[in-house]
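Remarks on the structure that follows.
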Amino acid sequence: VLRTPHLDRLHAEGARFTDFHVSPTCSPTRAALLTGRHEMKSGVSSTILERERMSLKAKTLAESLKAAGYATGVFGKWHLGDEAAYRPDKRGFDEVFVHGGGGIGQTYPGSCGDAPNNKYFDPAILHNNVFEKTTGYCTDVFFGQATKWIDTTRGKKPFFAYITPNAPHAPLVCPDEYAAKYKGQPENVAKFLGMVTNIDDNVGRLMAKLAEWGIEKDTLVIYMNDNGGTAGVPVFNAC
């Protein structure tokens with residue numbers, strides 16, 4: 001049902017971790033990924049109520065790579081603390097282009113929250129601690145910004161681009177043409193799969209750029225998720 005030719009290519013040509021597990025929800029998985037330690041060791045046990053904030057004592061992958069001479073950038077969802085001390089620019093990232101909270105427009109009791117009334121289309125994004133109004137669908141915006149940053153960085157120093165789209169996170173919103181690809185499925189399933197297909201298109205464009213720039217074979221590309229399946233599970237759960 002789900003059509004993802006570019007991710008299929010990564011699947012076919014890359015090494016796969018077939019006994020690989022993420023944590024039950026997103027913030028814990030992200031904390032484990034960025035620190036190389038179990039999330040509880042960094043104080044992250046949930047996604048809300050101050051339990052998503054990664055300990056300020058934790059050392060991140062971005063910090064280690066930056067110390068080794070890498071340029072570091074994050075594009076999309078952070079969800080490890082929205083207060084100033086917890087933001088990516090204090091955790092080893094040179095370039096920061098993120099939304100707040102767990103999903104665009106979401107705010108919870110405490111300090112976890114995005115820009116008020118933010119939307120998936122034309123979202124306001126925190127770019128190096130200044131909010132910018134963007135144009136387009138959020139996933140396209142995140143990959144577009146990451147691609148531009150890589151283009152300005154490549155050749156100058158090695159880079160670490162942490163591209164973290166919020167899709168396919170609820171609320172389920174995608175361009176109409178993507179939902180239309182799965183017409184006949186329940187509405188939320190069509191939108192969920194449409195969001196995944198949009199990610200696939202963006203991965204394809206990024207891989208094409210790496211090839212165009214002549215750095216495809218010198219760039220390690222890792223694709224993973226931070227959570228289990230949701231609306232697509234009754235239809236397809238093998239991605």
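Taking every DSSP bridge with both residues inside the chain, close to 40 percent are antiparallel.
Of interest is the spacing of the C-alpha centroids, which for segment 1-71 and segment 161-196 amounts to 22 Å.
If you take all other residues with their beta carbon under 14 Å from the beta carbon of K181, and give Lys and Arg +1 and Asp and Glu -1, the sum is -2.
So what is the orientation-averaged projected area of the chain, using the convex hull of its C-alpha atoms, in nm²? Could you put the intermediate results ahead of the total?
Working: hull surface 51.2 nm².
Convex hull of Cα atoms, orientation-averaged projection: 12.8 nm².
Across segment 1-126, the fraction of Cα-Cα pairs farther apart than 24 Å, rounded to a whole number, is 36%.
The mean accessible area for residues of the chain, using a 1.4 Å probe and ignoring ligands and nucleic acids, is 52 Å² per residue. Listed by chain and number, the lysines whose C-alpha is less than 27 Å from the C-alpha of K183, apart from same-chain residues fewer than 8 away, are K119, K191. What a 1.4 Å probe finds exposed on segment 1-119 is 53% carbon and sulfur by accessible area, rounded to a whole percent. Considering only the other residues whose Cβ falls under 14 Å of the Cβ of A84, what net charge follows from Lys and Arg at +1 and Asp and Glu at -1? Residues near A84 contribute +1 overall.
Test of understanding: what is the full-extension gain from D8 to H127, defined as 0.36 nm times their sequence separation minus their Cα-Cα distance? Mind dumping the intermediate values first?
Working: separation 119, 0.36 × 119 = 42.84 nm, distance 3.19 nm.
Using 0.36 nm per residue and subtracting the Cα-Cα distance, I get 39.7 nm.
Springs join every pair of Cα atoms under 10 Å in this Gaussian network model of the chain, and among K133, K77, K119 the largest mean-square fluctuation is at K133.
For V22, the shell of other residues with beta-carbons less than 11 Å away shows a net charge of -1, using +1 for Lys and Arg and -1 for Asp and Glu.
The values are calculated or read from the model by the stated rules, or taken from the named source; none is laboratory data. Worth saying up front: this structure is predicted, and the values here are computed from it rather than measured. All Cβ positions, even for glycine, are placed from backbone atoms using ideal geometry, and neighbour counts span all protein chains on display. Accessible surface is based on the protein model in full, side chains and every heavy atom, while ligands, DNA and RNA are left aside. Shrake-Rupley method; radii C 1.70, N 1.55, O 1.52, S 1.80 Å.
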